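S.K.: Below is the structure I would like to discuss, written out as structure tokens.
Values quoted throughout were computed directly from the atomic coordinates according to the rules given, and no laboratory measurement underlies them. Source: prediction; values computed, not measured. For neighbour counting, all protein chains shown are included, and Cβ atoms are generated from backbone atoms with ideal geometry for every residue, glycine included.
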Amino acid sequence: MARRKKTELNDNNLAIAYYRFSSHSQNEASIDQQRELAHDWADAHGFRIVKEYEDATISGTTENRPGFQQMLSEVAKIRPRLLIMWKTDRLGRDKYVLAMAKRTIRDAGCEIHLLAENIPTDGPEGVLIEGLIDAMAEYYSRQLSQNIQRGMDYNAQHALYNGHKLFGYGVDKTTKKYVVDPDTAPFVQRMFAEYAAGKAMQKICDEMNAQGLRTTRGAIPGWLPETIDAWQTNRPGQGHRTDLANNNQV
């Protein structure tokens, strides 16, 4: 197989920038910080940022990001000399997504500059280091997801508040555990009983909506067949509704 020819870099001082944050523990300030660092670096090195792209509260494990996709579709038209980002993981946390994106960017004659990661561009060691950083980005994402799921499973098994309101339950402020709400629990038990007796989910939802019952999100009308279907398929302890339907106290 012939070795792939290296694309010649665009000969100009144009730059584009990409910013992203993904979780509730971050906020818009994260993008503002990334933007400030990008502009400071560009100004100090004689580059002019002509287009900026951003994705807020979207995971880097997916390629379905509007700003990300727009950048990839426009980079060959703009033909900038540089793409400025804070770190590799802003571009993505999936090695296949990263490989696809980097090839598209570099094929357009654009070099990737990372503000917080120093990857040598000359010599074979740069390929090795870049590969390791790409792998670490995906490793961190998978490890974080695993840890979060482990914590949520533990909370569910011990009826601890998982950050989500559950219709039929309140939360004890002292123990942080879900407790049966006497005002809404009877409606959950009625739903299960009527469904077990053969009443259609849509009919149950229509009656709940007609009574003006709000969902945990406060929507009126907001009860849908898929809501009840999810409750029916929850394993005990996961959403606690199955426990409630069986008259078990959490």
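S.K.: Based on the mean of other beta carbon atoms within 10 Å per residue, what is the order of 74-80, 208-214, most packed first?
M.R.: Result, highest mean Cβ count within 10 Å first: 74-80, 208-214.
S.K.: Using the per-residue mean of other Cβ atoms lying within 10 Å as a proxy for protection, in what order, highest first, do the peptides 199-207, 82-90 fall?
M.R.: In descending order of packing, they fall as 82-90, 199-207.
S.K.: Using only the Cα atoms of region 54-114, each taken as one equal point scatterer with no solvent, compute I(q) by the Debye sum, divide by I(0), and report log10 of the ratio at q = 0.13 Å⁻¹.
M.R.: -0.29
S.K.: Sticking with this one: Compute the distance in nm between two label points, each set 7 Å from the Cα along the Cα-to-Cβ direction, one at Gln69 and one at Leu115.
M.R.: Between Gln69 and Leu115, the simple spin-label model gives 2.7 nm.
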